[in-house]
Protein chains: 2
Amino acid sequence: MKSKTKYYKILRELQNHRNNDFTFSSGHILGSMCTQPHNIAKEVYIKFLETNLGDPELFPGSKEIEKKLIRFIVSILNAPKTATGIIGSGGTESNITAIWLAKNITGKKELIIPKSAHFSFEKIASLMDIKLVNMPLDEDYCMDISDIRKKINKNTCAIVGIAGSTELGTIDPISELSEICYDENIFLHIDAAFGGFVIPFLKKMGYDITDFDFNLKGVSSVSIDAHKMGCSAIPLGALIIRNNKWLDKISVKTPYISGKKQAGILATRSAGPVAAAYAVTKYLGVEGYKNIVRKCMDTTRYTEKKINDLGLKLIVKPTMNVPGIKLKSPSKVSKNLTKLGWKVNKMDRLSAIRIVLMPHVTKEIIDDFIPDLKKACKEAKEL
Amino acid sequence: MKSKTKYYKILRELQNHRNNDFTFSSGHILGSMCTQPHNIAKEVYIKFLETNLGDPELFPGSKEIEKKLIRFIVSILNAPKTATGIIGSGGTESNITAIWLAKNITGKKELIIPKSAHFSFEKIASLMDIKLVNMPLDEDYCMDISDIRKKINKNTCAIVGIAGSTELGTIDPISELSEICYDENIFLHIDAAFGGFVIPFLKKMGYDITDFDFNLKGVSSVSIDAHKMGCSAIPLGALIIRNNKWLDKISVKTPYISGKKQAGILATRSAGPVAAAYAVTKYLGVEGYKNIVRKCMDTTRYTEKKINDLGLKLIVKPTMNVPGIKLKSPSKVSKNLTKLGWKVNKMDRLSAIRIVLMPHVTKEIIDDFIPDLKKACKEAKEL
């Protein structure tokens, strides 16, 4: 086969597979915390495809962009001058890195997490032989911290608070956690993989919303993903830590590549997603993100009303753009919706389905969705 | 500022930074195990940018491509039908995952590695509290296994062999390791991040080269990177494991996204690099890779002769395309070369510099390089 023919044959083969995927642009992905990357992300990403931030002396220009991106994220999280960041692949990596850090700082291996914590903490437990101590949730599905001092002991390496839970977008009582951790000298990690690019902008818009960031003196580290509400491309997560000196605790010597030490989990990683995320943050800026978050919250309120009008109930009033609909058989409804071309998430343990009103989900899409939701619920005898 | 103006201003800002990076196309990066991605990789990558293999029900077409890529890698590594793969970000992640698996299978935490092992094993030790037991190297800079049975004890979770060491491209005596591990029922992990896309093709070309893959019955897992000699784009590493049932040992439940369980470290990850790597492997095929490896080995022999002609010595005869040049002050020579626009790696612990003859390095580039190497060595009083 001629090489050009072969080339195009492969492109067709891949396109055929791609046609079996759902797409964000269709609007029919209602159950993902990701979205289509901003146009500028796509344009920039590919220009930096070959770069490797694991070898910074080869790519000093790319390294500079990474520093600028970290500065932007540090600023929206109100982190002090001593803070720094590790750019990685996403929330799971950032959470692993945070607990690796807490373990190595303290030499301890018990981790207090809310029941609503992301499944990455199960990975952490398995990977690092960490004992998870689960805290119950209150009626708002936030961490119930009334008994937390009883759970803290001499083996506690850290407490985790969630700012934007994966299931319901809830925010734990992080101010209170911060006070406790500051008092007891405990590492406090905040998983804001989703909320990190939402809460700062809701605050600036005057929403009365729980504090979650480095303004709270007890917060030690924050996970935040640009590939979720930051509207950039996968893979882009950041772990911001209060004190750059802590990096030493999770660094190794790099005897044959450039630089003397490397902090964090991964080694070879492209600057493509980093430059893309920097371009998006620069293009949108705080005002741009406020507009996006405002639109997502508007769509959330709109959806909430439509769901109530159908006679269905939400689990809790959504703090962010993540409503959960209470159902008797979420699996059935979710299956029926899939047949109708919609992807939502079933959450068996909450007996609910989750909808995430990401920027690609408009009110018009919700108008299309609601009749199908009604149909799916009727078929499942929910209505 | 108008949004179009702003858009182009950001692109210019990023391009200015990018201009400070070295590029593979200049040929002046002589110290990286990465290379410029194949054209088809670039074209495909961007089409799959928004996909997320962490949520496979949304992207079943992309998932299918991942299966095809794994099948190709499984085939070049002669893995049995029971084998499977975890696609990740690169060698470091694959090595972490392999040792996580070995730890969880055995419940043990001592790891036997050669002194030439990649620094990712230092990360593994720090992350998982693994005790590293270092094996010395023989005169060929391969693992000296004469005393290995004395190092094996009731706490041994695994032995690591390297197939293409980062410093010198050497291959440990993996056949012998395989026999020992099979006898003693020990998990044997092979780090072939570099060699995985070289050795199989050298073998097919008739080279007399050490066995390293699943043809050896004692080999449990192999790390292999498509973003090194596989000529694909970062991030693309794979961990191939002999028995797909082992996945359970490193899987967690995923209560709110699609699929019931997720194996491995990362969650959200784009199919961009996966589709790109599949396209490259399909386009090049075994014959294409043989041609690339043949060219790289030709350039290596050419470079070797030129270096000898200068009066410099190699540490060992290169098994692969990674010659190391013995020097009194590698730092000085490396600095001088940087001033002349060349990036090589200094390796202080071997008192050497490393050159990697990747596909972007041609004989013409070596012809340009050699006079500058001579100059740099003269200035450093090596010649």
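Which residue fluctuates most in the GNM of chain B (Cα springs below 10 Å): B:VAL344, B:VAL198, B:VAL293?
B:VAL344
Using a 1.4 Å probe on the protein heavy atoms, what percent of the accessible area of the protein assembly as shown belongs to carbon and sulfur?
Taking all protein chains in place, the protein assembly as shown shows 48 percent carbon and sulfur surface.
Sort B:224-233, A:283-292 by the packing proxy (mean of other Cβ within 10 Å over each peptide's residues), most packed first.
Packing order, densest peptide first, comes out as B:224-233, A:283-292.
Which percent of the Cα-Cα distances in the range A:103-250 go past 29 Å? Write down the numbers at each step before the final one.
Numbers: 1217 of 10878 pairs.
Tail of P(r) above 29 Å: 11 percent of Cα pairs.
From a point 7 Å beyond the Cα of B:LYS253 in the direction of its Cβ, which residues of the range A:333-370 have a backbone N at a distance under 16 Å?
Under 16 Å, as judged by backbone N against the label point of B:LYS253, lie A:346-352 of the range A:333-370.
Can you tally the net charge around B:ALA193? Count Lys and Arg as +1, Asp and Glu as -1, for every other residue whose Cβ sits under 9 Å from the Cβ of B:ALA193.
Net charge in that neighbourhood comes out at -1.
Name the residue from A:ILE159, A:ALA376, A:ALA271 whose Cα lies farthest towards the positive end of the charge dipole of chain A, charges +1 on Cβ of Lys and Arg and -1 on Cβ of Asp and Glu.
Of the listed residues, the answer is A:ALA271.
Return the sequence-ordered ³J(HN,Hα) values of the range B:353-358 in whole Hz as given by the Karplus equation 6.51 cos²θ - 1.76 cosθ + 1.60 applied to θ = phi - 60°, using x for Gly and Pro.
10, 10, 10, 10, 8, 6
Compare each residue of the range A:335-350 in its chain alone against the assembly with all protein chains, and report those whose accessible area goes down by 20 Å² or more; 1.4 Å probe, heavy atoms.
Residues of the range A:335-350 that lose at least 20 Å² of accessible area once the other chains are added: A:LYS343, A:ASN345, A:LYS346, A:ARG349.
Return, ordered by residue number, the residues of the range A:317-351 whose backbone nitrogen is under 16 Å from a label point located 7 Å along Cα→Cβ of A:ASP368.
Taking a point 7 Å out along Cα→Cβ of A:ASP368, the residues of the range A:317-351 whose backbone N falls under 16 Å are A:337-344.
Roughly how crowded by other chains is peptide B:54-61, in terms of the mean Cβ count from those chains within 10 Å of each of its Cβ atoms?
Taking all residues of B:54-61 together, the mean is 6.
Shortest first and in nm with one decimal, please list how far the B:LYS249 label point sits from its counterparts in the other copies (point 7 Å along Cα→Cβ).
3.0
How crowded by other chains is B:318-331, given as the mean number of beta carbons from other chains within 10 Å of each beta carbon? Working shown, then result.
Values: counts 0, 0, 0, 0, 0, 0, 1, 0, 0, 0, 0, 0, 0, 0.
Shielding by partners across B:318-331 averages 0.
For the range A:307-383, rounded, prolate or oblate, judged on the Cα gyration tensor with a ≥ b ≥ c (square roots of eigenvalues), a/c < 1.5 rounded, else prolate if a/b > b/c?
Cα axes put the range A:307-383 in the rounded bin.
Quick check for you: with a 1.4 Å probe and neighbouring chains kept, what is the accessible area per residue of the range A:1-114, in Å²?
Values: 4200 Å² over 114 residues.
About 37 Å² of surface per residue is accessible.
Report the label-to-label distance for B:VAL133 and B:ASN244 in nanometres (one decimal), using points 7 Å from each Cα along the Cα→Cβ vector.
3.4
Given a cut-off of under 8 Å on Cα pairs at least six residues apart, what relative contact order in percent is computed for the range A:143-211?
34
Within 10 Å, count the other beta carbons around each residue, average over each peptide in B:374-380, B:50-56, and list them highest first. Intermediate results must be reported in sequence, preceding the final value.
Numbers: B:374-380: 18.4, B:50-56: 24.6.
Descending packing order for the listed peptides: B:50-56, B:374-380.
Taking every residue in A:121-129, how many Cβ atoms of other protein chains lie within 10 Å of its Cβ, on average?
The shielding value for this peptide is 5.
When the dipole is taken about the Cα centre of chain B, and only Lys, Arg (+1) and Asp, Glu (-1) are charged at their Cβ, what size is it in debye, to the nearest 20?
1020
Nearest 5 is fine: what % of DSSP beta bridges in the protein assembly as shown come out antiparallel, could you say?
Values: 46 of 80 bridges.
If we restrict to bridges inside the protein assembly as shown, about 60 percent are antiparallel.
Could you work out the relative contact order of chain B? I mean the mean sequence separation of Cα pairs under 8 Å and 6+ apart, divided by the number of residues, in percent.
Values: 742 pairs, mean separation 88.7, N = 383.
The value is 23 percent.
If you split all Cα-Cα distances of the protein assembly as shown into 20 Å bins from zero, what percentages do you get per bin, shortest first?
Each 20 Å bin holds this share of Cα pairs: 17, 50, 29, 4, 0.
Measuring from label point to label point, each 7 Å out along Cα→Cβ, what is the B:LYS151 to A:ASP208 span in nm?
6.4
Relative contact order of the range B:222-303, please, whole-number percent, based on alpha carbon pairs below 8 angstrom and at least 6 residues apart.
Values: 60 pairs, mean separation 21.6, N = 82.
Relative contact order of the range B:222-303: 26 percent.
Using a label point 7 angstrom from Cα along Cα-to-C-beta, what distances in nm, from shortest up, separate B:ILE152 from the other copies?
Reported distances to equivalent positions: 4.8 nm.
Using a label point 7 Å beyond Cα on the Cα-Cβ vector, give me the inter-copy distances for B:TYR182 in nanometres, one decimal, shortest first.
Between copies, matching label points for B:TYR182 lie 6.3 nm apart.
Would you mind pulling out the separation of the Cα centroids of the range A:314-345 and the range A:150-200, in Å?
If we compute the Cα centre of each part, the gap is 27 Å.
Find the accessible area per residue for the range B:138-226; the probe is 1.4 Å, ligands and nucleic acids are left out, and the unit is Å².
35
Rounded to the nearest 100 Å², what is the buried accessible area between A and B, both sides summed, probe 1.4 Å?
Working: alone 18180 and 18180 Å², together 28290 Å².
Buried surface at the A/B interface: approximately 8100 Å².
Of all DSSP beta bridges located in chain A, what percent are antiparallel, nearest 5?
DSSP beta bridges in chain A are roughly 60 percent antiparallel.
Label-point separation (nm) for A:LYS68 and B:ASP309, each offset 7 Å from Cα along Cα-to-Cβ?
4.5
Set Lys and Arg Cβ to +1 and Asp and Glu Cβ to -1, take the dipole of the range B:65-187 about its Cα centre, and tell me which of B:CYS181, B:LEU168, B:ALA102 lies farthest positive.
B:ALA102
If I histogram all Cα-Cα distances within the range B:197-297 using bins 10 Å wide from 0, what percent of pairs lands in each bin?
Per 10 Å bin, starting at 0, the Cα pair percentages come out as 13, 34, 35, 15, 3, 0.
Magnitude of the Cβ-charge dipole of the range A:168-289, K/R +1 and D/E -1, about the Cα centre, nearest 20 debye?
Numbers: 12 positive and 12 negative charges, 180 e Å.
Roughly 860 debye for the range A:168-289.
The values are calculated or read from the model by the stated rules, or taken from the named source; none is laboratory data. From a predicted model like this one, the values you see are computed outputs, not experimental measurements. Here the Cβ is made from the backbone with ideal geometry for all residues, glycine too, and neighbour counts use every protein chain on show. For the accessible areas, the whole protein counts, side chains as well, though only heavy atoms, and no ligand, DNA or RNA atoms are used. Shrake-Rupley method; radii C 1.70, N 1.55, O 1.52, S 1.80 Å.
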